[in-house]
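Right, one structure below, let's go through it.
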Amino acid sequence: MVKKVYGVIGDPIEHSLSPVMHNAAFEALGLDAIYLAFRVAEHELGDAIRGAKSLGIAGLNVTIPLKEKALAFVDADDVATRIGAINTIDFTSGTPTGYNTDGIGALTVLKERVGEIRGKEVLILGAGGAARAIAFYLDAEGARLTIANRTEDRAAMLASSLHNADFISLREEELKRHIRDADILINTTPVGMYPRADATLVNAGMMHSELVVFDIVYNPAETKLLREAKKAGVQTIIEGVKMLVYQGAASFRIWTGMEPPVEVMESAVREALSLS
Ligand code: ATR
């Protein structure tokens, strides 16, 4: 049998840890498969997806900045269509089928650490593809959301697509006032990501110790936002590594129909992060 090929497409792509994570999972389950990173420019996205299908590639992840544009080249499932972005393509049914596992990845981590989401006040920093996926799931769980974004129009648009959401700017005073009443703060922006690791939109003085602070940035594992949260005495701090692993695990299930070895995947990511 021919080795199965999977991969991730995006630009830039060299810092993605998805190859390390999925290859560790294939190895642990003894699957004859390999996962590679492909740098794909936006204007070549359609060719890349059609080419992947022709080459017999089994599945792809899609990352920044291609998640929204890739929708046009696949049959997306209902959730991904409503989110407006995909991060997973499955080629095994003939037609490229698009899914979005970002939101379920974030929800899984939050439920594990926080429990019940219904009625929680959640402040989301950012209004891009990742924010949309996460907001969609938390809204469906009955959370009350506030979207804070640099471009306010984008925040307004996202909030208006949800059942129970509002939007604000990133101005410090406004953020501080809303964080005072928030149960959960989630950063979905790339602020704090390697190589600009000393940046944060929220500092210790703006947080309270009862807050749950979740950063989806996974490189570095402990971002400046999470260090500030520690300084503020925050008890529940959630690293982006967990979301990377759970969204990857959900993609793995779609592609293989098998239960992914999440602990193996998390160890592989943490080991790669400690070496980088
Ligand atoms: P993704 O699909 O990964 O979410 P995206 O759609 O490009 O990526 O969204 C990135 C988000 O991070 C956006 O909310 C963006 O704000 P704008 O809508 O104003 O562009 C936010 N973002 C990126 N860089 C930022 C920065 N330096 N400061 C504040 N917000 C930033």
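The values are calculated or read from the model by the stated rules, or taken from the named source; none is laboratory data. Bear in mind the structure is a predicted one, so any value in this text is a computation, not a measurement. Because the Cβ atoms are built from the backbone with ideal geometry, glycine has one as well, and the counts that use them run over all protein chains shown. Accessible surface areas use protein heavy atoms only, side chains included; no ligands, DNA or RNA. Shrake-Rupley method; radii C 1.70, N 1.55, O 1.52, S 1.80 Å.
Among the residues in segment 116-124, are any within 15 Å of the ligand (Cβ to nearest atom) and closer than 18 Å to VAL212 by Cβ? Write out each step before concluding.
Going residue by residue through segment 116-124, those that are within 15 Å of the ligand (Cβ to nearest atom) are 123-124.
Now narrow it down to the ones that are closer than 18 Å to VAL212 by Cβ: 123-124.
Scanning segment 116-124 turns up at least one residue that is within 15 Å of the ligand (Cβ to nearest atom) and closer than 18 Å to VAL212 by Cβ.
Given the conditions (1) more than 11 Å from the ligand (Cβ to nearest atom); (2) assigned to a helix (DSSP H, G or I); (3) surrounded by 19 or more Cβ atoms within 10 Å (Cβ to Cβ), which single one is not true for LYS176?
For LYS176, the failing item is (3).
Would you mind stating whether ASN100 is on the phi < 0 side of the Ramachandran plot and within 16 Å of the ligand (Cβ to nearest atom)? Don't jump to the end; show me each part of the working.
Details: on the phi < 0 side of the Ramachandran plot: yes; within 16 Å of the ligand (Cβ to nearest atom): yes.
Yes, satisfied.
What pairs can you find where one residue is in segment 175-191 and of a type in the set (Lys, Arg), the other is open to solvent by less than 70 Å² (accessible area, probe 1.4 Å), and their Cβ atoms are less than 7 Å apart, with a gap of 6+ or different chains?
Correct list of pairs: LYS176/MET206; ARG180/HIS208.
If you go through segment 202-232, how many residues are away from the ligand (no atom under 16 Å from the Cβ), open to solvent by 30 Å² or more (accessible area, probe 1.4 Å) and either outside any loop (DSSP other than H, G, I, E, B) or outside the structural domain of VAL109 (by TED's automatic domain parsing) (or both)?
4
Is one or more of the residues making up segment 73-88 in contact with a Gly (Cβ under 6 Å, 6 or more places away or on another chain), among the small types (Gly, Ala, Ser) and open to solvent by 10 Å² or more (accessible area, probe 1.4 Å)?
Within segment 73-88, one or more residues are in contact with a Gly (Cβ under 6 Å, 6 or more places away or on another chain), among the small types (Gly, Ala, Ser) and open to solvent by 10 Å² or more (accessible area, probe 1.4 Å).
Any idea which residue in segment 97-133 is surrounded by the fewest Cβ atoms within 10 Å (Cβ to Cβ), counting only those that are free of Cβ contacts under 8 Å to residues at least 40 places away in the same chain and among the polar types (S, T, N, Q)?
Looking at residues that are free of Cβ contacts under 8 Å to residues at least 40 places away in the same chain and among the polar types (S, T, N, Q), I get THR97.
Could you tell me whether any residue of segment 40-62 is surrounded by fewer than 14 Cβ atoms within 10 Å (Cβ to Cβ) and in a loop (DSSP other than H, G, I, E, B)?
Within segment 40-62, one or more residues are surrounded by fewer than 14 Cβ atoms within 10 Å (Cβ to Cβ) and in a loop (DSSP other than H, G, I, E, B).
Given (1) open to solvent by 60 Å² or more (accessible area, probe 1.4 Å); (2) at pLDDT below 95, where does GLN235 come up short, assuming only one miss?
(2)
Which of (1) open to solvent by less than 10 Å² (accessible area, probe 1.4 Å); (2) part of a helix (DSSP H, G or I); (3) closer than 21 Å to ILE238 by Cβ; (4) not basic (Lys, Arg) is the odd one out, the single condition PHE136 does not satisfy?
(1)
Here are the criteria: (1) open to solvent by 70 Å² or more (accessible area, probe 1.4 Å); (2) within 16 Å of the ligand (Cβ to nearest atom); (3) touching a residue at least 12 places away in the same chain (Cβ under 8 Å). Tell me which single one SER160 does not satisfy.
Going through the list (1) open to solvent by 70 Å² or more (accessible area, probe 1.4 Å); (2) within 16 Å of the ligand (Cβ to nearest atom); (3) touching a residue at least 12 places away in the same chain (Cβ under 8 Å), SER160 breaks only (3).
How do the pairs read when you match residues in segment 75-96 that are within 20 Å of LYS53 (Cβ to Cβ) with residues anywhere that are among the charged types (D, E, K, R) and part of a strand (DSSP E or B), using Cβ under 8 Å and keeping only pairs 6 or more apart or on different chains?
Listed pairs, sorted by first residue: THR95/ASP75; PRO96/ASP75; PRO96/ASP90.
Got a number for residues in segment 192-201 being in contact (Cβ under 8 Å) with a residue 12 or more places away in the chain and either more than 11 Å from the ligand (Cβ to nearest atom) or of a type in the set (D, E, K, R) (or both)?
So the count comes out to 3.
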